[in-house]
Amino acid sequence: MRAGRTSRAVIVGAAGIALVLTAAGCGSGSKPGSSSSGSTTSAASSSGSGAVDSAAAALVPAAIKSKGTITIATDPSYPPNESKDQNGNIVGWDVDMGNAIAAKLGLKANFTEVTFDDIVTGISTNKYDAGMSSITDNKTREGVDDFVTYFNAGTKLMVPKGNPKNLTDNSPTDLSLCGLTIGVEKGTIQENPDIPTRNKACEAAGKPDIKTLSQDTQDQINESLSSGRCDAVLADSPVVDYYAKSGNFQAVGDLYSGAPYGIAIAKSNSGLSQAFLAALKDLVADGTYHQLTTKYGIQAGDYTTPGLNQATS
């Protein structure tokens, strides 16, 4: 899901292409003050604030303009970026931003719940118009889809309150995790390449490998941390910081492997990519972008130079 949601790793099998996508962790588990959501598909749609940007709206492909909506795939287990409220509606910063982008284009956003691993495949096969789910933009992913960059994030370590294992995690190859069980969401960059890279450092130091507990959603991973099935969790920085505020968990160390999140759009739909980029630039210029990041307390990740396919690695 999704720190620079660095984004999640996705194995894509579209048109015979196998791709491992990297995503910084996702932060979930039961959200503070609510219970874990089920896996049924749901959608939340509304228009964002601000007037229509006629120049950006003119870039929208005719097929999308005629239906009046943009179908956006997301894995809502990653607050504050995307999650579900107690009524089952998909909410969060990505949702507010997606709605604001759609409003600039004279459209409405329809957010649809998808397992993270299936997002890019669905976009490549035109099942969804776009994906907004804390997806880190990287060169590998850009080989399949286009990415409109819009936020800076990174990976952080999350532990039970009080840090009972006295973990330090001062770098991506910190040895304090060697021999422990670390929870990660499937398809994220925390699962691969983060833990394999850490294991190389463990082996070089003569220490036992990290044991990986990979699960489908961040909610499941956080529940495993609460129950003691894993010793710590690696996830995207906004998500770890969010759960640290709940009082049940604690963030350890600084974020690392910072990279921009990207809105995934099929390369065959380049007109929509350009429309999203134009709308996003308008939202930065008119102040709406910063208002939304501030609303969720994640303004430290403000990305004021949005672009297309800006990955450096």
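The values are calculated or read from the model by the stated rules, or taken from the named source; none is laboratory data. Quick caveat: nothing in here was measured; it's all calculated off a predicted structure. Neighbour counts run over all protein chains shown; Cβ positions are idealised from the backbone, glycine included.
Numbers at a glance
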| item | result |
| --- | --- |
| Qualifying residue in the stretch 179-202 (condition: among the acidic types (D, E) and surrounded by fewer than 23 Cβ atoms within 10 Å (Cβ to Cβ)) | no |
| Helices (runs of 4 or more DSSP H) contained in the stretch 188-273 and holding at least 3 residues at pLDDT 90 or above, in contact with a Ser or Thr (Cβ under 7 Å, 6 or more places away or on another chain) and of a type outside the set (D, E) | 195-204 |
| Checklist (1) closer than 29 Å to Q299 by Cβ; (2) touching a Gly at 6+ places or on another chain (Cβ under 8 Å); (3) of a type outside the set (S, T, Y) applied to G183, failing item | (2) |
| Test: residue in the stretch 237-253 that is in contact with an Asp or Glu (Cβ under 7 Å, 6 or more places away or on another chain) and aliphatic (A, V, I, L, M) | yes |
| Condition met for Y289 (hydroxyl-bearing (S, T, Y) and in contact with a Ser or Thr (Cβ under 7 Å, 6 or more places away or on another chain)) | no |
| Search result, residues across the stretch 123-157 that are more than 16 Å from the chain's Cα centre (by Cα), of a type outside the set (A, V, I, L, M) and buried (at least 21 other Cβ atoms within 10 Å of the Cβ) | S124, Y128, D129 |
| Residue in the stretch 284-305 that is crowded, with 16+ Cβ neighbours inside 10 Å and over 21 Å from G92 (Cα atoms) present | no |
